[in-house]
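All remarks here apply to the structure that follows.
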Amino acid sequence: MSISIRPATAADASLVFGFIRELAEYEKLSHEVVATEAQLRATLFGERPVSEVVVASLDGTPVGFALFFPNYSTFLGLPGLYLEDLFVRPEARGHGVGRELLVYLARLAVDRGWGRMEWRVLDWNQPSIAFYRKLGGEPLDDWTVFRLTGDALMALGRKE
């Protein structure tokens, strides 16, 4: 089986949106998806894209994607690659697609001179945790993720 990975284009907006919905379903978070295809088209492929997306295909059929963007490490003094989403359709798992997506991203980070790659995984997702550990990923158990959203974000960001 042949695996190929390519940067997504605006023509892929519907495909990427479908992958996002499938990922949310897998993560039992479908109720949190409020994005629209139009929003994704504008924010990922518009005048000022805020993220990059790559699409993975198996024998020419799209089966997965990765969405990422730069972050920055003040300790390293270098940008890093933050992987927001990685998804491979269940029927395509076990063929090396996920590994190839991560290899592609690692090479991209190295080629750009970036100092690290980071991502998050849900605590219950043991297959993914095992997969990431096998590739050399290390969990950062001493860090807690915080998030502001909705009313809390609006309250803090309100101009007085």
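Details
- Looking only at region 1-45, and only at residues there that are among the basic types (Lys, Arg) and in a helix (DSSP H, G or I), the one that is farthest from the chain's Cα centre (by Cα): Arg41
- Pick from region 116-160, criterion free of Cβ contacts under 8 Å to residues at least 24 places away in the same chain and basic (Lys, Arg), ranking: nearest to Lys28 (Cα to Cα): Arg147
Residue-wise test of (1) small (Gly, Ala, Ser); (2) more than 29 Å from Trp124 (Cβ to Cβ).
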| position | (1), (2) |
| --- | --- |
| Leu29 | no, no |
| Ala38 | yes, yes |
| Gly46 | yes, yes |
| Pro49 | no, yes |
| Val55 | no, no |
| Phe68 | no, no |
| Glu100 | no, no |
| Leu105 | no, no |
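- Every residue from region 101-160 that is exposed (fewer than 12 other Cβ atoms within 10 Å of the Cβ), of a type in the set (A, V, I, L, M) and closer than 20 Å to Phe69 by Cα: Leu140, Val145, Leu148
- Listed by first and then second residue, the pairs with beta-carbon distance under 8 Å, at least 6 apart or on different chains, first residue in region 10-29 and within 16 Å of Leu44 (Cα to Cα) and touching a residue at least 40 places away in the same chain (Cβ under 8 Å), second among the hydrophobic types (A, V, I, L, M, F, W, C) and surrounded by fewer than 17 Cβ atoms within 10 Å (Cβ to Cβ), are Ile20/Val33; Ile20/Ala35.
- Here Ala35, Ala42, Ala92, Ala66 are screened, and the one residue that is modelled with pLDDT of 95 or more, under 15 Å from Pro7 (Cβ atoms) and of a type in the set (Gly, Ala, Ser) is Ala66.
- Options Thr61, Thr74: the member that is more than 23 Å from Val16 (Cα to Cα), of a type in the set (S, T, N, Q), more than 16 Å from the chain's Cα centre (by Cα) and surrounded by fewer than 14 Cβ atoms within 10 Å (Cβ to Cβ): Thr74
- Meets criteria (in contact with a strand residue (DSSP E or B) (Cβ under 7 Å, 6 or more places away or on another chain), surrounded by 13 or more Cβ atoms within 10 Å (Cβ to Cβ) and farther than 28 Å from Trp124 by Cβ) for Ala13: no
The values are calculated or read from the model by the stated rules, or taken from the named source; none is laboratory data. Because the structure is predicted, anything quoted here is derived from the model rather than measured. Positions of Cβ are backbone-derived with ideal geometry, glycine not excepted, and every protein chain shown enters the neighbour counts.
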